[in-house]
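We did not get these values from a lab; they are worked out from the coordinates using the rules stated. The model shown is predicted, which means the values in this text are computed figures rather than measured ones. Cβ: placed from backbone, ideal geometry, glycine included. Neighbour counts: every protein chain shown.
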Amino acid sequence: MTSRERFLAACACEKLDRPPLWVMRQAGRYLPEYRALKAKSSFLEMVRTPELAMEVTLQPLRRFALDAAILFSDILVIPEALGQGYRFREEGGIAMEYRLETRAQVDALAPAAAVPERLQYVDATLKLLKRELAGKQALLGFGGSPWTLATYMVEGGSSEEFERIKQLFYTDRALFDALLEKITAALIAYFQMQIQAGADAIQIFDSWGGIIAGQDYEAASLRWIRAIIAALPREFPIILYAKGTAPQLTDQAFTGIRVLSVDWTNDLAIVRRTLPGNVAVQGNLDPVLLNTTPEIVRHEASRLLESMRGTSGHVFNLGHGIMPHAKLECMQALVDSVTAWR
Ligand code: CP3
């Protein structure tokens, strides 16, 4: 069976001899070939140039026997397409062009219909990748959740305390809803474009889903994700990753998603047992393990694999993105452990 078939079978919770494997942020700074390209072109140039974005997407697949490729891009292309650009701060983190604070600023955002046109380069990159992969590996598209994108837009960039977005949520729900509605509509148009361009699955990153009170997760984040899923083709595989939301896993599983990607603080075998059998789970090795030694990686990967023995519907991954200090020999040990396991 091809890697793509293995990946799709795991999403469909079919029985497999071993889980498929891919790694969040598998293209990135831990790869010397990525750093070499970045010395010549900025991150944004790489994202906006289909040939470069394709090259970066394929770099990890040339080195490692991964079962899926994930589009090289960023979740922040959506705020940018709506009219709020972004850049990287010297000291690390994101700076948006401005902070979104008023009704007039929300009204001034571009309409959802403009988004596919402004993100033509993503369409072009996915089509190039589809051809290049030729059905061997699965091709993943992605985007941020409406809530996670709203945190960057309202905070004006990366944040520690998320005071502004929470203030907005609690003090002016009408404006909060108007903003989230706009982002949601933009994401629906964007994901429809990705599906038409050939994506086999789409991962929604609700990276900041865990910062809002548990009883407000539905109103702040999950209802908007639900609206996206309702607007996409019924059987299309959607993966939801929401960091730090363990109490909400069951609600997330009932949104109509096909795969729930869980962070490393969860016991994956317990999550597998508690979720409905038609929802697959993805994860969830601690990314820091890839900064240690190949022996430790082999040991921990085997522990996770053994804990899942006999279950169906597991896509092997980390519990969050691989870190810039990850070691190549640790990544190799992970790939060897998962692909040799039976
Ligand atoms: O997984 C992949 O390989 C696909 C590419 C991908 C990137 N960003 C490339 C990237 C994906 C899926 C993302 C998603 C993303 N971007 C998220 C959600 C995932 C998560 O980690 O929770 C978020 C929150 C962002 C926003 C973002 N982009 C941040 C916070 C940063 C780091 C900024 C810093 O402090 O340096 C980025 C930059 C970024 N996106 C890099 C990569 C490879 C590093 C850019 C570099 O080379 O310096």
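Efficiency by 1/(1 + (r/R0)^6): what FRET value for Lys127 and Gln167, r their Cβ-Cβ distance, R0 = 41 Å, to the nearest 0.05?
The value I calculate is 0.45.
Can you list residues whose amide H is under 5 Å from Ser261's amide H, if they're 5+ apart or on another chain and H is modeled 1.01 Å from N?
Sorted by chain and number, the residues that satisfy this are Leu240, Tyr241, Ala242, Gln282.
Along segment 135-151, what does the Karplus equation 6.51 cos²θ - 1.76 cosθ + 1.60 (θ = phi - 60°) give for ³J(HN,Hα), rounded to whole Hz, x for Gly and Pro?
These are the phi-based 3J(HN,Hα) values: x, 6, 10, 6, 10, 9, x, 6, x, x, 6, x, 5, 4, 5, 4, 4 Hz.
What do you get for GluC sites (Glu not before Pro) in segment 124-214 restricted to DSSP loop and a cutoff of at most 14 other Cβ within 10 Å of the site's Cβ?
Glu160, Glu161
Can you list the HN-Hα couplings for segment 319-324, worked out from phi with the Karplus curve (6.51, -1.76, 1.60; θ = phi - 60°), rounded to whole Hz and with x for Gly and Pro?
Whole-Hz 3J(HN,Hα) from phi for segment 319-324: x, 6, x, 4, 8, x.
For segment 71-261, take every pair of Cα atoms, bin their distances at 10 Å starting from 0, and report each bin as a whole percent.
Per 10 Å bin, starting at 0, the Cα pair percentages come out as 9, 38, 37, 15, 2, 0.
How high is the relative contact order of the chain, given as a whole-number percent (alpha carbon pairs under 8 Å, six or more residues apart)?
Value for the chain: 22 percent.
Tell me, what HN-Hα J-couplings in whole Hz come from the Karplus equation 6.51 cos²θ - 1.76 cosθ + 1.60 at θ = phi - 60° for each residue of segment 40-55, using x for Gly and Pro?
Values per residue, Gly and Pro as x: 9, 10, 6, 3, 5, 4, 5, 5, 8, 10, x, 5, 6, 4, 5, 4 Hz.
With n ≥ 4 as the cut-off for DSSP H runs, can you work out [θ] at 222 nm for the chain, using -39500 (n - 2.57) per run divided by the number of residues, rounded to the nearest 500?
Estimated from H runs of four or more residues: -13500 deg cm²/dmol.
Charges on Cβ only, +1 for Lys and Arg, -1 for Asp and Glu, centred on the Cα centroid of segment 71-261; of Pro79, Ile165, Gly93, which one is farthest towards the dipole's positive end?
Sorting the options by dipole projection puts first Pro79.
What do you get for trypsin sites (Lys or Arg not before Pro) in segment 86-189 restricted to DSSP loop and a cutoff of at most 16 other Cβ within 10 Å of the site's Cβ?
Qualifying residues, ordered by number: Arg89, Arg99, Lys136.
At what distance in nm do the modelled label points of Arg309 and Arg103 sit from each other, each positioned 7 Å from its Cα along Cα→Cβ?
Distance between the two pseudo-spin positions: 6.3 nm.
Taking the Cα centre as origin and putting +1 on Lys and Arg beta-carbons and -1 on Asp and Glu beta-carbons, what dipole magnitude results for the chain, to the nearest 20 debye?
840
Would you pull out the residues with amide H under 5 Å of Gly156's amide H, same chain only if 5 or more places away, H placed 1.01 Å from N?
Leu100
Among Tyr170, Tyr121, rank each residue by its count of other Cβ atoms within 10 Å, from fewest to most, as a rough exposure measure.
Starting with the residue having the fewest Cβ neighbours, the order is Tyr170, Tyr121.
For Gln215 and Ala178, FRET efficiency with R0 = 30 Å and r from the beta-carbon atoms, rounded to 0.05?
Computed FRET efficiency for Ala178 and Gln215 comes out at 0.85.
Quickly work out the Lys38-to-His299 label distance, labels modelled 7 Å from Cα along the C-beta direction, and quote it in nm with one decimal.
The modelled label-to-label distance comes out at 3.1 nm.
Using a 7 Å offset from the Cα along the Cα-to-Cβ direction at both Ile270 and Met323, what is the distance between the two label points in nm, to one decimal?
Taking the simple label geometry, Ile270 and Met323 are separated by 2.4 nm.
Whose amide H sits under 5 Å from the amide H of His314, counting only residues 5 or more places off or on another chain, with H placed in the peptide plane?
Excluding prolines and chain starts, which carry no amide H, the hits are Val281.
In segment 190-277, what chymotrypsin sites (Phe, Trp or Tyr not before Pro) fall in a loop by DSSP, with at most 15 other Cβ atoms inside 10 Å?
Hits after loop and neighbour filter: Phe254.
Relative contact order (percent) for segment 234-277, with alpha-carbon contacts under 8 angstrom and 6 or more residues of separation?
Rounded, it is 42 percent for segment 234-277.
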